[in-house]
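Structure first, then comments.
A short reminder: the numbers here are calculations on the coordinates, not readings from a lab. Quick caveat: nothing in here was measured; it's all calculated off a predicted structure. Neighbour counts run over all protein chains shown; Cβ positions are idealised from the backbone, glycine included.
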Amino acid sequence: MIQVSIENDFLSWRVVARQLLQNRILPHEVLWTMDEQSSLFVEFAPNKSDLKTFKVSVEFLELAEIVSCVDDDERWALLYRLLFRLTHENRNLLEIESDDDVRQALLHSKAIRRDIHKMHAFVRFKRVESDIGEMFIAWYEPQHFIVKKAAPFFARRFGAMRFTILTPKECAHWDLENLIFTEGVSAANAPQADEMERFWQTYYASIFNPARLKVKAMKAEMPIHFWKNLPEAELLPDLIRQAEQRTKEMINQKALRAEVIKKLSQKS
């Protein structure tokens, strides 16, 4: 068994995986870790004359980069298994969605894309004053290591304001020109409530339509574990409780308006 250590990112895995592949190391012979004390190839040095170049598809590289974001210690082994099988067994392996490894990779890919979508939808900034002026800070709890992939969206959308997104996994900072990433932090670093929270509450209450309320669908799109970090979520219990009565009032008002219009048209 060869124990290898990598950093928690795709590029680190790719460098090591290429070395393993060139030295014909079988997937089951590798123990992947993120332990800085581990070392790579402690028992032998590869002979450059024996190295072989392998080509893999862009499709695999794109899939592997997405899967590398999953918060699952087995992802590195899964990716190397796929890489080894693609180069030694079947170049078209990714087309076989019933294959266990391929299916697992696709499920991971789906989970990452969903997690990025949720982060784009549910990050809420709070305005704070700092030594360099106005800043906006958000606390968010992603399920996976997606901050690097999700952050460019915020830089494009809020490019004119300095912001920081704090998460337990990684933090993103925008200084009006560059995105900078640092290690994750705890929730204790998040700012307290301010006027931005009141803004989100007012906005959400104004667009809430009780007639279209579907609680199960809403919880599927906005799972409950997100609620604690959403200012507008404080309103949801009351809005849901009042939805039936508000819907009846809307129906009655609509019927009343229709009756008035009908009488006016008869008079004319």
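Computed quantities for the displayed model
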quantity: Sequence-distant residues sharing a close amide H with LEU31 (under 5 Å, placed H); calculated: ILE2, GLN3, VAL4
quantity: Inter-part distance where region 1-19 and region 49-110 are each reduced to a Cα centre, Å; calculated: 14 Å
quantity: Spacing of the two label points (7 Å from each Cα toward its C-beta) at ALA77 and ASN90, in nm; calculated: 2.2 nm
quantity: Of LYS126/LYS149; LYS55/LYS169; LYS55/LYS148, those spanning more than 25 Å from alpha-carbon to alpha-carbon; calculated: LYS55/LYS169; LYS55/LYS148
quantity: Placed amide H near GLU170: partners under 5 Å, 5+ positions off or other chain; calculated: GLY184, VAL185
quantity: Where labels lie 7 Å past Cα in the beta-carbon direction, separation of ILE180 and PHE158 in nm; calculated: 1.7 nm
quantity: Extension gain (nm, one decimal) between GLU134 and GLU29, 0.36 nm per residue minus Cα-Cα; calculated: 32.5 nm
quantity: Filtered GluC sites (Glu not before Pro), region 139-191: DSSP coil and at most 16 other beta carbons within 10 Å; calculated: GLU177
quantity: FRET efficiency estimate (nearest 0.05) - Cβ-Cβ, ARG127 to ASP9, R0 45 angstrom; calculated: 0.90
quantity: Relative contact order (%) - criterion: Cα under 8 Å, at least six apart; region: region 110-152; calculated: 42 percent
